[in-house]
Structures are given as C-alpha cells and as structure tokens.
Amino acid sequence: MSNKLTPTDEQGLCHRLLARNDIYFISFDEQEQVVASSYPVDTLTLSRLDDLVFLVGPDHLRAIRQRIRANLPPLQFEILNLAFELFAHDGTDGVRIWCLQIKPSEDQDASAIEQDHRLINELGHSLAALGDNPAASGEPRLQLIARHLPEVEQKLAQIQDPALKMCLELIRTSMENSLQEEGNQRLLAVLTPSELQVAEFIRSGMSSQEIASALNVARKTVENHRNSVRIKLGLANRGVNLRNYLLSLEK
C-alpha cells in the first residue's frame, strides 16, 4: 500500500507548513484569475486580481498589474505590519503563474498576525449565519443581524491588521445598512400614508403647527396623527422623543 499523499492532502500540508511560519500566498495567472490562495479569511471571495485591492490598495495593485503585463522583475513592498513579495513561477506546462507572498514584516510580532486570524475565524459562525437564508433558519433577518452585530463590533475593536480591519468595517457597515432598511420597511408597514407623511415632516424637524400649515389641515389633525404614530411604534407610554426615534431608523 502506497503512503504517497493525494494532491489534496499534499496541498493542505503545504498550506499548514506555510501558516506555521506565518507565510501566506495568493496566486493568479496572466489573465488575472486567482488560481490558488492560502490567505486565511474564508469570508472573502478572491477570484480576480481586482479583489486584492482591500489588501494592497490601488497603487500597489497597479504595480502588480504592470509586472504581470510587462513581465517585469519581482516586486517587494510593505504595508504597515505586512511584507509583500510578488514573483513569477513558470510551470512545467509552460504556464506562468504569479504569486503574491504575504508575511509579517521583520519588526512585526507574528503573534499579532495569529491573533487577528483567530479573531476573524471566530467570526465564522456569525458571518455564515448572515449568509444563510433567514427564512430557512426561522429567524427574521433583522433579529439575526442585531444578534450578530455586537460580535462583529467586538472583534473589530480587537483586530490590528489594517486590511482585515477594513474588511470588517465593510461588513459592519453592510449590517448597519440592513438594519436601517429593515427599520424603514417596518415603518412603512405599520403607518398609513397620512401618518407616514406626518412622520417624515417630524423627522425633518417641523413642529405640529408647521406641518398643519404645510398640509393645509388643522393642528389637531396633525396631533392625532402624531399620537397614532407613537402608538403604532410602541412609544405611547414611553418618554422617548418621537423625532429622535425616527432619526434613529436612518442610522
């Protein structure tokens, strides 16, 4: 019986050996398609060279593209705590593959890199849950995001790597935008058209008298709409400023 590793096992072993030495890579062909990667962020999709902009920035991305198109010498650069090296590899089939090697810069503690990757991996469950079909999980998307957003914010405060931090910022912003959209949808669902119109005026800072003048109705009518809005939003017996609450739905 042969003890030779399968190609999959061999690839996994190589990735683990590189990771033990805090070395990671992203490889792509001359058509700028990513063909292999050991970069340890499973929640990111790396399919084309352009997807690396979050990691290297637009200027270095242009320099990488120039190397690929003109077959220029290897490229080395540093971004904060990471050192990058781009080099070409010619396979036995004559196909040239470009490899971007990523490792901690010499003055960077490798343990900080490991901690960042651990923090990102710990977010795997939350990010996977957000990617699933909320209907299938039986939990409304608004509740799902609200439950997982605190964990994202906690990890964001702990991560040091600027590239990972930027990616997590984008994820948090997307989650917050979803909450805003869900909040506005909730508002649309419970209010009548007249109540919604009054709510928009309140949100803009207009007084009841100003709203009554704008709509050419009695102030009492506006007050009735205002009270109805508070009741439908669950604010009837709470000392909550209605305008501030409506503004919070935009955040």
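The values are calculated or read from the model by the stated rules, or taken from the named source; none is laboratory data. Keep in mind that this is a model prediction, so the values were computed, not measured. Counting neighbours? That spans all protein chains shown, and the Cβs are built from the backbone with ideal geometry, glycine included. Heavy atoms of the whole protein, side chains included, go into the accessibility calculation; ligands, DNA and RNA do not. Shrake-Rupley method; radii C 1.70, N 1.55, O 1.52, S 1.80 Å.
Screening the candidates 44, 17 for the property of being within 30 Å of residue 152 (Cβ to Cβ) and either out of contact with any strand residue (DSSP E or B) (no Cβ under 7 Å at 6 or more places or on another chain) or at pLDDT 85 or above (or both) yields one hit, 44. Note on the stretch 152-164: residues that are within 15 Å of the chain's Cα centre (by Cα), at pLDDT 75 or above and in a helix (DSSP H, G or I) total 6.
The residues listed here are 34, 53; of these, the one that is touching a helix residue (DSSP H, G or I) at 6+ places or on another chain (Cβ under 6 Å) and without any contact (Cβ under 8 Å) to a residue 60 or more places away in the chain is 53.
Taken over the stretch 49-71, the criterion of being farther than 18 Å from residue 164 by Cβ and either polar (S, T, N, Q) or open to solvent by less than 70 Å² (accessible area, probe 1.4 Å) (or both) is satisfied by 49, 63, 64, 65, 66, 67, 68, 70, 71.
Of all residues in the stretch 224-236, those satisfying the criterion of being free of Cβ contacts under 8 Å to residues at least 24 places away in the same chain and open to solvent by 50 Å² or more (accessible area, probe 1.4 Å) are 224, 227, 231, 236. So for the stretch 117-131 (the condition being modelled with pLDDT of 75 or more and either on the phi > 0 side of the Ramachandran plot or surrounded by 13 or more Cβ atoms within 10 Å (Cβ to Cβ) (or both)), does at least one residue qualify? No, that holds for no residue. Residues that are modelled with pLDDT of 85 or more, surrounded by 12 or more Cβ atoms within 10 Å (Cβ to Cβ), assigned to a helix (DSSP H, G or I) and within 28 Å of the chain's Cα centre (by Cα) do not occur anywhere in the stretch 80-94.
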